[in-house]
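Taking it in order: structure first as structure tokens, then the write-up.
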Amino acid sequence: MVKNILGKLNQKIKYLKPNEIANIRRAVDFAEHAHDGQKRLTGDPYFRHPLEVASAVADLKLDADAITAAVLHDTVEDTGININEIKKKFGGHVAQLVNGITKLGQVRISKSWFTPFRQKTEQITKYESQIETLRKMFVAMSKDLRVILIKLADRICNLQTLSYLPSDKQKRIAQETMDIYAPIAGRLGIGEFHGRLEDAAFSYLEPTEFKNLRKLAIPVIEARKEYLNTISKKLLDLLAKNGINCYITYRAKTWYSLYRKLLKYDRDINKIYDIVAMRVVVPAIDDCYNVLGLIHSVWRPLPGRIKDYIALPKPNGYQSIHTTVFADNGIITEVQIRTGAMNEQAEFGVAAHWYYSEKKISRRFPKQQLAWVRELAKWQSKIKSATDLRQALKLDFFKNRIFVFTPKGDVIDLPQGATPIDFAYAVHSDVGNQCHGARVNGKYENITSELNNGDVVDIVKKKKSRPNKDWLNFVKTEHARSCIKKSAKQ
Ligand code: MN
């Protein structure tokens, strides 16, 4: 079994240089040794897991450092290996990536606010703001896009064996996937990962709905594919006659996106025209518009259903032309028209650009097409030039923020350099006013010391304690400052 996966990985990394491949093999041997004797809950050797993650990362055609880090990603956390050893053996870049992946394990939905979140409005609001903070924390702690991509691949692999865990753990991990991992994959435009994460999470969060949906949709999808097969032959003929060189693929909607759409349409599956989308993939942008015209010459378009995401890309960089037509026998059908590069972008998002930029064929992506960068730029105002892609992908949007936890697992977003006093006031002004001491990660620390990302902070209160004016020299948040001043006046 492990041999098969290793063989697949070797096949997939053929786009790398021989010395890079040799390094990855070295990492494979190292990880095999490090995980020796460990087993997954499935009973398989643990070593199988890092190989699967590396293989998923290789699908994105990331660089050799990223694949090496994927192979090694659990060695520090789960075995006795020290990060310095990784650095010595595989270099500082790989060590940094492994370190980043290890740290991301801290970004978790807390048990304490997991259960009741569906019940009361104020709890939902609190849950949502906590989730948004966790998403920011996830990006802030990654520091490098590759760390995120490896962690997403890690989560996809873990979801495949989720059924072996106890059910409360299953639900927590599924919810975390739905709320944190999947949206991040979506924002990065990695449709392939986004769909897999959502579908796996959905199957655990709403098992009955998932089962019923499949029962309802599978026959419809099968019939649809058969129909598309017939009409695509006709379409290919027409396009060939007009000198357009293209291919056609179909892709069924992911389960979760189909589910959401069904809820919008009163669960009437016949109203979902794109349950299987027909994709015409052409060489150039001009061809897209030509194909659109030719399709409309044989099949009448539904008014108001033509969407030009080439002229107006979606925020995550998605580009394509969508049209819905009355195809043969009047069957309403959605057709998506795009270039090969747009197709890769839709599946691999930001990672597709990475590959192309490494391959020095980035001219296929004129600057204005780098629309996904704009989405990232909302987070990061510091991207000066999208051409310096490697630099642009450094995730330091939140480099001036830190994210720390309350003992209950709530996450608090603070500016860099913030102290336990800032933290106390961020929790509640009373907690700030009565702040007497602080335990950081279980150890007593000075309340004016600097906090770090991921710290767990427990404030020791004293009823009669009053804020000290000297605190004003240490605090970093305006909120703490104004509370301290207010209390001094009284
Ligand atoms: Mn892992």
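Identify, from the list Leu238, Leu197, the residue that is within 16 Å of the ligand (Cβ to nearest atom), among the aliphatic types (A, V, I, L, M) and either surrounded by 14 or more Cβ atoms within 10 Å (Cβ to Cβ) or not in a loop (DSSP other than H, G, I, E, B) (or both). Please lay out each step first, then the result.
Values: Leu238 fails: within 16 Å of the ligand (Cβ to nearest atom).
Only one candidate passes the filter, namely Leu197.
Could you please find all residues in segment 145-178 being of a type in the set (D, E, K, R), crowded, with 21+ Cβ neighbours inside 10 Å and away from the ligand (no atom under 14 Å from the Cβ)? If you could, list the steps in order and put the result at the bottom.
Kept after step one, since they are of a type in the set (D, E, K, R), are these residues of segment 145-178: 146, 151, 154-155, 168-169, 171-172, 176.
Adding the requirement that they be crowded, with 21+ Cβ neighbours inside 10 Å leaves 146, 151, 154-155.
Scanning segment 145-178 gives a single hit, Arg146.
Filtered by the rule that a residue be within 15 Å of the ligand (Cβ to nearest atom) and either among the acidic types (Asp, Glu) or surrounded by 22 or more Cβ atoms within 10 Å (Cβ to Cβ) (or both), segment 36-50 gives Asp44, Phe47, His49, Pro50. Out of Arg279, Arg300, report the one residue that is surrounded by 15 or more Cβ atoms within 10 Å (Cβ to Cβ) and of a type in the set (Lys, Arg). Only one candidate qualifies: Arg279. Among the residues of segment 43-88, the ones that are under 24 Å from Ile190 (Cβ atoms) and in a loop (DSSP other than H, G, I, E, B) come to 6 in all.
Taken over segment 185-198, the residue count meeting the criterion of being at pLDDT below 85 and hydrophobic (A, V, I, L, M, F, W, C) is 2. A residue that is out of contact with any Gly (no Cβ under 6 Å at 6 or more places or on another chain) and within 12 Å of the ligand (Cβ to nearest atom) occurs somewhere in segment 55-67.
Tell me which residues, restricted to segment 450-464, are in contact with a Ser or Thr (Cβ under 9 Å, 6 or more places away or on another chain) and assigned to a loop (DSSP other than H, G, I, E, B).
Step one: list which residues in segment 450-464 are in contact with a Ser or Thr (Cβ under 9 Å, 6 or more places away or on another chain), which gives 450-451, 456-459.
Those that are in contact with a Ser or Thr (Cβ under 9 Å, 6 or more places away or on another chain) and assigned to a loop (DSSP other than H, G, I, E, B): Glu450, Leu451.
Have a look at Tyr265, Tyr259 and point out the one that is of a type in the set (Phe, Trp, Tyr), more than 27 Å from Ala341 (Cβ to Cβ) and surrounded by 13 or more Cβ atoms within 10 Å (Cβ to Cβ). After applying the criteria, what remains is Tyr259. Residues that are modelled with pLDDT of 90 or more and away from the ligand (no atom under 12 Å from the Cβ) within segment 68-80 comprise just one, Thr68. When Asp470 is tested against the conditions (1) in contact (Cβ under 8 Å) with a residue 40 or more places away in the chain; (2) among the acidic types (Asp, Glu); (3) surrounded by fewer than 17 Cβ atoms within 10 Å (Cβ to Cβ), the lone failure is (1). Only residues that are acidic (Asp, Glu) and either part of a helix (DSSP H, G or I) or in contact (Cβ under 8 Å) with a residue 24 or more places away in the chain (or both) were counted in segment 281-308, giving 2.
The values are calculated or read from the model by the stated rules, or taken from the named source; none is laboratory data. If you're wondering where the values come from, they're calculated on a predicted model, not measured in any experiment. Backbone-built Cβ (ideal geometry, glycine too); neighbour counts: all protein chains shown.
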